[in-house]
């Protein structure tokens with residue numbers, strides 16, 4: 001595992017918090033276009049995704065070749081009321097989970113990052129691969145939030 005990837009993973013929390021700083025109520029719930037997530041929904045998705053990620057990281061670290069189950073993120077958004085959830089709580093959840101996940105992986109020996117699980121949609125994925133996926137996930141959504149805010153300004 002490279003120090004750069006670990007830092008990207010850690011920094012994802014900062015990027016999301018920075019992108020959400022000072023967001024206004026009109027920005028928060030304005031649908032950018034039909035069927036696209038609002039800023040609030042993206043933040044809730046990040047919080048729930050990080051909770052799923054916490055389980056996945058722990059499975060790959062502690063179990064031999066675990067099954068990693070895909071989840072329906074659109075279904076979660078609809079049925080877990082992303083459009084009504086509290087933004088501050090979602091952000092706090094994401095930040096705490098990301099910090100906890102980072103603390104879990106930051107001192108692991110290199111060979112642990114070569115442990116694998118089998119994802120029901122992606123196939124075989126290593127711990128390092130999961131870390132990369134979640135680093136890119138936070139980076140991507142932080143960028144999406146910034147672009148939405150710019151478009152709404």
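The values are calculated or read from the model by the stated rules, or taken from the named source; none is laboratory data. Since we're looking at a predicted model, the values are computed, not measured. Cβ sites come from the backbone with ideal geometry, for glycine too, and all protein chains shown count toward neighbours.
Considering 40, 98, 11, 58, which residue is part of a helix (DSSP H, G or I), modelled with pLDDT of 95 or more and surrounded by fewer than 16 Cβ atoms within 10 Å (Cβ to Cβ)?
Numbers: 40 fails: surrounded by fewer than 16 Cβ atoms within 10 Å (Cβ to Cβ); 98 fails: surrounded by fewer than 16 Cβ atoms within 10 Å (Cβ to Cβ); 11 fails: surrounded by fewer than 16 Cβ atoms within 10 Å (Cβ to Cβ).
58 is the lone residue from the list that is part of a helix (DSSP H, G or I), modelled with pLDDT of 95 or more and surrounded by fewer than 16 Cβ atoms within 10 Å (Cβ to Cβ).
Please find, within region 113-129, the residue that is surrounded by the fewest Cβ atoms within 10 Å (Cβ to Cβ) out of those that are assigned to a helix (DSSP H, G or I) and out of contact with any helix residue (DSSP H, G or I) (no Cβ under 6 Å at 6 or more places or on another chain). Let's see the steps before the verdict.
Just the residues of region 113-129 that are assigned to a helix (DSSP H, G or I), to begin with: 113-114, 127-129.
Cutting the leftovers down to out of contact with any helix residue (DSSP H, G or I) (no Cβ under 6 Å at 6 or more places or on another chain) gives us 114, 129.
Values: 114: 12, 129: 17.
So, considering only residues that are assigned to a helix (DSSP H, G or I) and out of contact with any helix residue (DSSP H, G or I) (no Cβ under 6 Å at 6 or more places or on another chain), the one surrounded by the fewest Cβ atoms within 10 Å (Cβ to Cβ) is 114.
Residue 92 - would you say it is at pLDDT 95 or above, closer than 17 Å to residue 146 by Cβ and surrounded by fewer than 16 Cβ atoms within 10 Å (Cβ to Cβ)?
No.
State yes or no: is residue 50 closer than 21 Å to residue 151 by Cα, in a helix (DSSP H, G or I) and under 18 Å from the mean Cα position of the chain (by Cα)?
no
Only residues that are without any contact (Cβ under 8 Å) to a residue 24 or more places away in the chain and assigned to a loop (DSSP other than H, G, I, E, B): list them for region 17-37, please.
The answer is 21, 22, 24, 31, 33, 34, 35, 36.
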